[in-house]
Amino acid sequence: MGQDFSRLSLSEARQELEFGRVTSRQLTEACIDAIERRDSRVNSFITLESEAILRAADEADQARKAGKRAPLLGIPLAHKDMYYRKGRVSTCGSIIMADQLAATTATVLERLDKAGALELGTLNMTEFAAGPTGHNAHYGDVHNPWHTEHIPGGSSSGPAAAMAARLCYGSLGSDTGASIRVPAACCGVVGLKPTYGRISRYGAMPRSWSNDCMGPLARTVMDCALLMQVLAGPDIRDSTCLDAPVPNYLAALEQGIKGLRIGIPTRHFAEGVDDEIAEALTRSRQILEQAGCHLVDVEIPDPKLLYDLGETLSKGEASTIHRRWMQQRPQDYSDHVHTRLEAGQALPATRYLEALSLRGEVVRNFIADAFKTTVDVLHLPVLGRPVPTLAETDFHSSGTVGETVSAITRFTRPINYLGLPALSVPCGFSQSGLPIAFQLVGRPLDEDRLLALGHAYQQLTEWHRMEPAIVTRG
């Protein structure tokens with residue numbers, strides 16, 4: 001049996017193309033075959049455009065033969081179904097959007113097109129990005145490829161599951177409170193939530209204007225750096241997009257990490273963490289220390305206030321975005337999404353404005369307290385407890401579902417309110433065989449430093465090379 005090209009990372013696939021050892025059609029056929037064999041157990045795709053992408057792959061191969069070069073030429077990707085492409089439906093995981101053709105194309109898709117990337121189809125997601133578990137009442141729940149009865153995380157559930165199941169080489173997700181980092185952690189892949197405004201949001205479904213971040217999920221840190229090189233940069237169509245120079249993220253991977261000071265929380269972000277997760281985090285920090293980093297104990301401010309402020313903004317803004325549909329089509333929302341949006345309608349304007357006005361001061365104080373002059377990067381958990389099952393987090397279940405779901409985003413939502421960049425990196429497995437991850441959090445626009453540190457860690461470990469049985473056994 002020949003090589004299964006679907007198991008290559010994005011960077012490996014790119015290298016194989018550049019050296020002429022594989023064609024874009026072969027990569028695309030491998031992904032389509034993998035989707036047909038594996039996705040019935042994962043449910044990560046909403047649409048698959050096999051014929052169209054094979055034609056595009058042939059065109060990419062012809063372009064390469066003619067001498068064209070582009071960073072992602074001929075590489076099949078797939079994205080969370082919330083990025084609009086003119087003339088195409090983007091469901092946003094809902095039935096409300098299922099018949100609405102987009103009038104414009106998202107900036108991030110335009111940049112990927114310019115870089116030569118192909119698009120296999122669209123990926124499943126939590127309805128309107130409203131939840132961290134991967135449940136979807138309309139298109140079916142996404143399943144974790146490591147253990148299909150467990151959650152893949154959300155709301156970028158399809159991208160993370162597709163990466164873990166080796167169904168495509170890279171993906172775009174979004175992160176409003178957890179939605180890139182938690183799925184990446186649950187599925188054992190890499191996810192980057194950039195600095196607020198680092199990547200344009202033009203043409204992407206809004207969840208919360210004050211918290212939404214667009215970012216990549218991939219199998220390795222190097223893959224995320226490659227995608228960031230294409231995606232980052234100013235956009236006049238998005239007033240929140242930062243007009244700041246874009247560093248060479250790939251070159252930054254080789255800048256070295258010796259002497260970097262990594263902040264380790266002594267309280268708050270260290271409390272309520274399951275023992276086996278705490279052990280995996282400790283081992284990952286020891287590896288970085290052995291590579292020349294300095295571990296520094298830091299007193300990070302209590303994240304509860306940050307969590308509450310971020311939740312206030314998300315509730316208020318999501319309710320505003322959906323106000324008309326909630327009045328005209330309330331029956332077309334799933335029960336739990338409807339309930340969450342209703343909660344936002346009851347939010348006093350004074351609380352929302354308070355959360356918005358406090359933001360600048362809170363961010364300045366957090367950076368001053370957590371980083372001081374002695375810390376370059378924070379090393380924090382993503383999830384503090386093992387990945388739960390779909391049944392345990394089903395909103396129709398009784399018991400402590402609400403508490404469990406809130407706990408999933410306990411360590412991630414505060415970072416969105418702060419607008420800081422954060423990178424989720426796999427660092428082990430629980431006794432039940434589910435992935436464990438840490439997140440690196442930096443100062444604004446420090447994505448290059450986070451990527452360098454994450455890449456160095458992956459050069460010393462093999463966690464990112466591990467594959468679920470759904471891949472190794474076909």
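Points worth noting:
- Identity of the residue in segment 43-74, touching a Ser or Thr at 6+ places or on another chain (Cβ under 7 Å) and aliphatic (A, V, I, L, M), that ends up surrounded by the most Cβ atoms within 10 Å (Cβ to Cβ): Ala60
- Residue check for Ile436: in a helix (DSSP H, G or I) and either touching a helix residue (DSSP H, G or I) at 6+ places or on another chain (Cβ under 7 Å) or closer than 29 Å to Thr148 by Cβ (or both): no
- Considering residues of segment 124-151 that are outside any loop (DSSP other than H, G, I, E, B) and under 25 Å from Ser319 (Cβ atoms) only, the residue nearest to the chain's Cα centre (by Cα): Ala129
- Hey, Ala98 over 21 Å from Asp223 (Cβ atoms), among the aliphatic types (A, V, I, L, M) and in contact with a strand residue (DSSP E or B) (Cβ under 8 Å, 6 or more places away or on another chain) or not: yes
- Residues considered: Glu467, Glu447. Of these, the only one that is out of contact with any helix residue (DSSP H, G or I) (no Cβ under 6 Å at 6 or more places or on another chain), of a type in the set (Asp, Glu) and surrounded by 22 or more Cβ atoms within 10 Å (Cβ to Cβ) is Glu447.
- Of the residues making up segment 446-474, those that are under 17 Å from the mean Cα position of the chain (by Cα) and of a type in the set (A, V, I, L, M, F, W, C) number 2.
- Entry remark, segment 254-295: residues being more than 22 Å from Ile436 (Cα to Cα) and modelled with pLDDT of 95 or more number 7 in total.
- Neighbours by Cβ (under 7 Å, 6+ apart or cross-chain): first from segment 269-288, within 19 Å of Val387 (Cα to Cα) and surrounded by 15 or more Cβ atoms within 10 Å (Cβ to Cβ); second among the β-branched types (Val, Ile, Thr) and modelled with pLDDT under 95: Phe269/Ile300
- Residue list for segment 200-216, restricted to those being in contact with a Lys or Arg (Cβ under 8 Å, 6 or more places away or on another chain) and of a type in the set (D, E, K, R): Asp212
- Enumeration of residues in segment 187-227 that are over 15 Å from Asp446 (Cα atoms), part of a loop (DSSP other than H, G, I, E, B) and not charged (D, E, K, R): Gly188, Val189, Ser200, Tyr202, Gly203, Met205, Pro206, Ser208, Trp209, Ser210, Asn211, Thr220
Yes or no, residue by residue, for (1) within 15 Å of Ser179 (Cβ to Cβ); (2) free of Cβ contacts under 8 Å to residues at least 40 places away in the same chain:
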{"position": "Asp99", "(1), (2)": "no, yes"}
{"position": "Ala106", "(1), (2)": "no, no"}
{"position": "Gly116", "(1), (2)": "no, no"}
{"position": "Leu120", "(1), (2)": "no, no"}
{"position": "His135", "(1), (2)": "yes, no"}
{"position": "Tyr139", "(1), (2)": "no, no"}
{"position": "Val142", "(1), (2)": "yes, no"}
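- Yes/no for Gly154 being touching a residue at least 12 places away in the same chain (Cβ under 8 Å), in contact with a Pro (Cβ under 7 Å, 6 or more places away or on another chain) and part of a loop (DSSP other than H, G, I, E, B): yes
- Scanning segment 294-312 turns up no residue that is in a helix (DSSP H, G or I), among the small types (Gly, Ala, Ser), closer than 30 Å to Ser6 by Cβ and under 20 Å from the mean Cα position of the chain (by Cα).
The values are calculated or read from the model by the stated rules, or taken from the named source; none is laboratory data. From a predicted model like this one, the values you see are computed outputs, not experimental measurements. Cβ coordinates were reconstructed from backbone atoms using ideal geometry, including for glycine residues, and neighbour counts include every protein chain displayed.
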